[in-house]
Structures are given as structure tokens and as C-alpha cells.
Amino acid sequence: QALLVESGGGLVQPGGSLRLSCAASGGTSRFDAMGWYRQAPGNQREWVAVVDRGGVTNYAESMKGRVTISRDNAKNTVDLQMNSLKPVDTAVYLCWGIIRGINYWGQGTQVTVSS
């Protein structure tokens with residue numbers, strides 16, 4: 001059983017930065033891919049970024065150029081550095097991982113972008 005726990009959310013002003021971290025029990029190396037999704041109230045869950053086992057990354061168009069995902073198998077974490085945040089980025093951000101076709105989710109961390 002994989003357990004993903006997010007941290008690093010909070011309130012930030014427009015234009016500010018946040019770094020989210022996802023800790024994976026049992027290690028990140030178990031996962032074929034890991035990433036981040038987000039869900040705003042009334043909206044569907046939306047993919048943000050992914051990093052595969054080989055370190056290849058991919059980003060949603062809405063976030064490209066403003067976020068960087070990194071995977072550290074030594075620390076067993078997957079981080080999401082977010083810059084130039086906008087009010088529309090306000091959402092619960094969830095860590096995701098997949099092992100042999102089985103999806104795992106964290107509980108999520110709230111990010112609020114507001115002045």
C-alpha cells in the first residue's frame with residue numbers, strides 16, 4: 001500500500017511562489033510515474049505536471065513555464081515549484097502516483113492565491 005502525503009500549501013499573493021512536496025511511503029522509486037493534479041471548487045480534477053521513472057517531465061499548458069516538477073528518489077519526495085501564481089491557480093493540489101496501472105492519491109494540500 002502506497003501512501004502519499006502532501007505539504008507546502010498555503011496562502012500566497014498573486015505573483016508569488018510556493019513549493020509543494022509529496023512524501024511517498026515505501027519510496028518514490030516504486031512508482032512508474034508521479035505527478036500533481038489540482039481541483040478547484042466546482043471544477044473537475046485537472047492534471048498539472050508529471051515525472052516518469054526516467055525523470056522525463058511534462059506539464060499542462062496552463063502551467064508550463066511557471067511550474068517545475070522534480071523527483072528525488074533519495075529523499076522519496078516529488079516536489080512542485082510554482083512561480084508567478086495567479087488567483088485562478090487556487091485549488092487543492094493532489095499528489096498522484098502509479099504503480100503497475102494502479103493509481104494512488106494523496107489527501108491534497110490547499111493553495112490559495114489572493115491579495
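Of note:
- For segment 1-95, with all protein chains in place and a probe radius of 1.4 Å, 50% of the accessible heavy-atom surface sits on carbon or sulfur.
- Volume per residue of the C-alpha convex hull in the chain, rounded to whole Å³: 93 Å³
- Taking all protein chains as they are arranged and a probe of 1.4 Å, the heavy atoms of R30 leave approximately 80 Å² accessible to solvent.
- Cα-centre dipole for the chain with unit charges at Cβ (Lys and Arg positive, Asp and Glu negative), debye to 20: 80 debye
- Think of a 1.4 Å ball rolled over the protein heavy atoms: the chain then has 52 Å² of accessible area per residue.
The values are calculated or read from the model by the stated rules, or taken from the named source; none is laboratory data. These numbers come from a predicted model, not from an experiment. Glycine gets a Cβ as well: all are built from the backbone with ideal geometry, and neighbour counts include every protein chain shown. Heads up: the accessible areas ignore ligands, DNA and RNA and are worked out on the full protein's heavy atoms, side chains in. Shrake-Rupley method; radii C 1.70, N 1.55, O 1.52, S 1.80 Å.
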